[in-house]
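Shown next, in structure tokens, is the structure this report addresses.
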Amino acid sequence: MPAAFSARALAKRYGRVEALAGVDLEVEEGELVGLLGPNGAGKSTLVKIGCGLVRASAGEARVCGSPAGSHEAREAMGYLAELFRFPGWVSADELLELHQRLAGSTGGATEREDLLALVGLAEARRRKVEAMSKGMQQRLGIAQALVGRPRFLFLDEPTSALDPTGRRTVRRLLEELRGRGVAVLLNSHLLSEVELVCDRVAILSRGRLVAEGRPSELARPRGVEVDVDGATRLFEGAGREEAPRLVADLVAVGERVYGVRVLESTLEEIYLEAIGEHSEGHGEAS
């Protein structure tokens, strides 16, 4: 099976601006990958190339084995833009019917009902978009991205304007999609959300992939904290493997141990270290 999405030596220049400088990235079937980076990193350019909206200057991008922008690639993918706008006067059902016609989907009313149920809008089928909350519109946006049963989704900041309850709802929805084998490339600035839901992260800076992997793989040990009688002992630089020995040593000298915590760098710390302070202040090419 080809990867749900792959980029090979992907490069893009806008005049003198180098938006992407040879990016290699893969998203496997059923995998949730968080795409991170500051403004100007090239995230939007990568997504636009993957959607077939922008041509690469060099390299290639493929969706489910087909060249990005081809009819086959577009059939296999769904997309939700960050600043999407749906007509306020249409109902949820009418909106999905329109996107079925645009996508050439033959799923009919059954597909629309299934999608609205999946995103928790089954009871809002006839509600107008203008009468929906931001969270409901966001979920409706994900439903339209799923029209035609795509195997891969590009989602651009799907939780950025939501409250904590709305973000949790979208997280659960993403987990449900992963369980169905749908792959997702999630472009987001909300590191806490990415850390909660994504299998891997890919960090871009100035058009280059500067870090990639599971957050646990990219994390560095910061020490081990051990709670003993009336105090907390910090063993700086120690890792998970050393925790049992540290506890045994404390017990051997008569200490009573009540808790042990292995401290590792957070995704925020990993991100800031990867991009470096030099990345701040650059506008993103589009």
Any residue on another chain or 5+ positions along whose placed amide H is under 5 Å from the amide H of Arg222 is listed here as Leu263, Glu264, Ser265
Ratio Rg/Rh, restricted to the chain and using Cα atoms, in which Rh is the Kirkwood radius:
1.07
Can you give the alpha-carbon Rg of region 48-121 over 2.2 N^0.38 Å, where N counts its residues?
1.31
P(r) histogram, all alpha-carbon pairs of region 64-175 included - 10 Å bins from 0, percent
14, 47, 32, 6, 0
Site Leu98, offset 7 angstrom along Cα→Cβ, radius 16 Å on amide nitrogen, limited to region 141-161, gives 141-147
Considering Cα pairs under 8 angstrom that are at least six residues apart, work out the relative contact order of region 91-161 and quote it in whole percent.
41
Order of Leu32, Leu53, Leu10 from fewest to most other C-beta atoms within 10 Å?
Leu53, Leu32, Leu10
How large is log10 I(q)/I(0) at q = 0.18, 0.21, 0.22, 0.31 Å⁻¹ when the Debye formula is applied to the Cα atoms of region 221-264, each weighted equally and without solvent?
-0.43, -0.58, -0.63, -1.14
Contact order normalised by residue count of region 5-214, Cα under 8 Å, 6+ apart, percent
31
What does region 1-127 give for Rg and for Dmax, in Å, if only its C-alpha atoms count?
17.1, 51
Got the relative contact order for region 221-264 handy, in percent, Cα pairs under 8 Å and 6 or more residues apart?
53
Sequence-distant or interchain residues sharing an amide H contact under 5 Å with Val260, placed H: which?
Asp227
Loop-located GluC sites (Glu not before Pro) in region 95-124, at most 10 other Cβ atoms within 10 Å (DSSP)
none
Going fewest to most other Cβ atoms within 10 Å around each Cβ, Met136, Met1, Met77 line up as Met1, Met136, Met77
For the chain, the longest principal axis of the Cα atoms and the Cα long axis of helix 164-179 enclose an angle in degrees, to the nearest 10, of 80
The answer for trypsin sites (Lys or Arg not before Pro) in region 1-106 that fall in a DSSP coil and have at most 12 neighbouring Cβ atoms within 10 Å is Arg16, Arg55, Arg85
Estimated inter-spin distance, Thr110 and Lys134, nm [label 7 Å along Cα→Cβ]
3.8
Modelling each spin label as a point 7 Å along the Cα-to-Cβ direction, I'd like the Arg220/Ala58 distance in nm, to one decimal.
3.1
Percent antiparallel among DSSP beta bridges with both residues in the chain, to the nearest 5?
65
Sites matching chymotrypsin sites (Phe, Trp or Tyr not before Pro) across region 68-160 that sit in DSSP coil, with at most 13 neighbouring C-beta atoms within 10 Å
Trp89
Students often forget the sequence filter, so: which aspartates and glutamates lie under 14 Å Cα-Cα from Lys134 once same-chain residues fewer than 8 apart are removed?
Glu82, Glu157, Asp163
Round to a whole angstrom and tell me the spacing of the C-alpha centers of region 134-186 and region 10-56.
20
Fewest-first sequence of His99, His71, His189 by Cβ atoms within 10 Å of each Cβ
His71, His189, His99
Arg85/Ser265 FRET efficiency (R0 45 Å; Cβ-Cβ; nearest 0.05)
0.70
For the chain, modelled as a GNM with alpha-carbon contacts under 10 angstrom, which of Glu60, Glu269, Glu195 fluctuates the most?
Glu269
What do you get for the angle between helix 92-103 and the principal long axis of the chain? Use alpha-carbon atoms, 0 to 90 degrees, nearest ten.
80
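Any read-out appearing in this document is the output of simple, stated calculations on the displayed coordinates, not a laboratory observation. If you're wondering where the values come from, they're calculated on a predicted model, not measured in any experiment. Reconstructed Cβ throughout: ideal geometry from the backbone, glycine too, with neighbour counts over all protein chains shown.
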